[in-house]
Every structure is written in C-alpha cells, then in structure tokens.
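Student: My questions will all concern the structure given below.
The values are calculated or read from the model by the stated rules, or taken from the named source; none is laboratory data. Just so you know, these numbers come straight off a predicted model, no measurement behind them. Here Cβ is always computed from backbone atoms with ideal geometry, including for glycine, and neighbour counts include all displayed protein chains.
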C-alpha cells in the first residue's frame with residue numbers, strides 16, 4: 001500500500017483509487033473533490049485536469065463515563081459494655 005500525503009501530480013486520464021485511513025482517535029468524515037462531497041472511505045477519482053482532493057477527519061467522541069456507585073455501607077453496630 002502506498003501512503004500519500006501532501007500534493008501529488010498525476011497525468012490527465014489517470015484513474016486513482018483513494019482510501020482514507022484515520023489515525024487513532026479520529027474518524028473519517030468525507031472526501032471533498034472540488035465542490036462535490038463523498039462519504040465513502042474508498043473512492044476512485046478520474047483525473048480530468050487540475051483537481052484538489054481532500055480527506056476530512058474529525059476527532060472521535062469520547063464516551064461519557066458514568067460515576068461508579070459505591071455499595072451502601074452497612075450500619076455500624078455499637079455494643080455497650082459495663083465499666084468495672
């Protein structure tokens with residue numbers, strides 16, 4: 001697999017298959033190709049001239065942790081003792 005980042009030049013008429021792979025903690029949102037958007041993570045682009053293709057990612061939502069409930073304590077038993 002070839003990982004491409006940044007600006008790349010392809011000959012007009014080339015067909016390029018692109019796959020968006022998010023880093024840990026991120027999720028893929030969409031591809032933006034000119035004014036068009038595509039939410040599939042794998043797309044094929046026909047190079048028809050000068051084009052700008054962007055993969056859009058956003059941070060994954062962190063799950064909300066519910067507070068841990070502690071068990072209800074047992075009532076204390078106090079015994080009276082007689083003093084001598």
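Student: Quick check, is residue 6 within 23 Å of the chain's Cα centre (by Cα), on the phi > 0 side of the Ramachandran plot and in a loop (DSSP other than H, G, I, E, B)?
Tutor: yes
Student: Continuing with the same structure: Kindly provide the set of residues from the stretch 2-33 that are out of contact with any strand residue (DSSP E or B) (no Cβ under 8 Å at 6 or more places or on another chain), modelled with pLDDT under 90 and farther than 15 Å from residue 54 by Cβ, ordered by number.
Tutor: 2, 3, 9, listed by residue number.
Student: Name the one entry in 12, 82, 74, 68 that is part of a loop (DSSP other than H, G, I, E, B), out of contact with any helix residue (DSSP H, G or I) (no Cβ under 6 Å at 6 or more places or on another chain) and surrounded by 10 or more Cβ atoms within 10 Å (Cβ to Cβ).
Tutor: Only one candidate qualifies: 12.
Student: Now, a different point. Mind counting the residues in the stretch 40-62 that are assigned to a loop (DSSP other than H, G, I, E, B) and loosely packed, with under 11 Cβ neighbours inside 10 Å?
Tutor: Adding up the residues that qualify gives 6.
Student: Follow-up question, since we're still on this one. Condition test on residue 23, is it closer than 21 Å to residue 6 by Cβ and in a loop (DSSP other than H, G, I, E, B)?
Tutor: Yes.
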